[in-house]
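What follows draws every value from the coordinates through simple rules; no lab data is involved. Since the structure is predicted, the reported quantities are computational estimates derived from the model, not experimental observations. Methodologically, a virtual Cβ is constructed for each residue, glycine included, from the backbone with ideal geometry; neighbour enumeration extends over all protein chains shown.
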Amino acid sequence: MKPQVVFVLGGPGAGKGTQCAKIVENYSYTHLSAGDLLREERGREGSKFGQLIDSYIKEGKIVPVEITINLLRQAMEKTMEMDPQKYRFLIDGFPRNQNNLEGWTAEMNDKADVKFVLFFDCSNEVCINRCLERGKSSGRTDDNRESLEKRIQTYLQSTWPIIELYEKQGKVRKVDASHSMDQVFADVRSILDKEG
Ligand code: C5P
Ligand code: MG
């Protein structure tokens, strides 16, 4: 079975990871977060990319796709090797810019089908406040005001055009992510139930 992919996009703190966890509890999807995979690679002993990833994350910049696409491809392959029934993936935080998209197209276009983009929409203010709140306990090096301003810039400059591109193809399913977690998930459910 060819992997079926839903890309999950939205600003930092929009609730991508939280909602993906809820989707996994209720639907047969595997959640792969590009950010989580990069943080894991950053901490992996012997990684050639640890320092590069570390500085990109602190600066809110998007890591070159060659690194990210390998992590995603390996994670998908490993999941499907262990259980061939697990061919439905939520790919969270990707593609974040033109380079990400080009890397996906070159490496994965004929290996996986992108069904749609689940887009968690909320204001920059809500995003920043949620991340600052999360920063009190997340231990993340980028949940501070300085990094967040850069992450928001990157989101507006680099990720928005990707969302617009998919929008033009009729592939964006938008959710108002400013509501409570449960309310947002109710909207997510109605989208997933419709998509089948
Ligand atoms: O999605 P998340 O907020 O976990 O991403 C954290 C950081 O990881 C991003 O700000 C960026 O530096 C890096 N990242 C990336 N490329 C992606 C996803 C995340 O470089 N596709
Ligand atoms: Mg996340």
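Details
- Part-to-part distance (alpha-carbon centres) for the stretch 1-60 and the stretch 75-108, which is given in Å: 11 Å
- Links that overshoot a 19 Å alpha carbon limit, given the list Lys61/Lys115; Lys115/Lys168; Lys171/Lys194: Lys61/Lys115
- Across the chain, the convex hull enclosing all Cα atoms gives 121 Å³ per residue.
- Taking other residues whose beta carbon is less than 13 angstrom from the beta carbon of Asn26, and scoring Lys, Arg as +1 and Asp, Glu as -1, yields 0.
- More than 15 angstrom apart: percent of Cα pairs within the stretch 135-191: 67 percent
- In range of the label at Gln4: residues from the stretch 96-116 whose backbone nitrogen is under 15 Å from the point 7 Å along Cα→Cβ: 112-116
- Label point at Arg88 placed 7 Å out along Cα→Cβ; residues across the stretch 116-149 whose backbone nitrogen lies under 14 Å: 116
- Two-decimal log10 I(q)/I(0) for the stretch 63-111, as the Debye equation yields it once each C-alpha is a single scatterer, q = 0.17, 0.29 Å⁻¹: -0.50, -1.17
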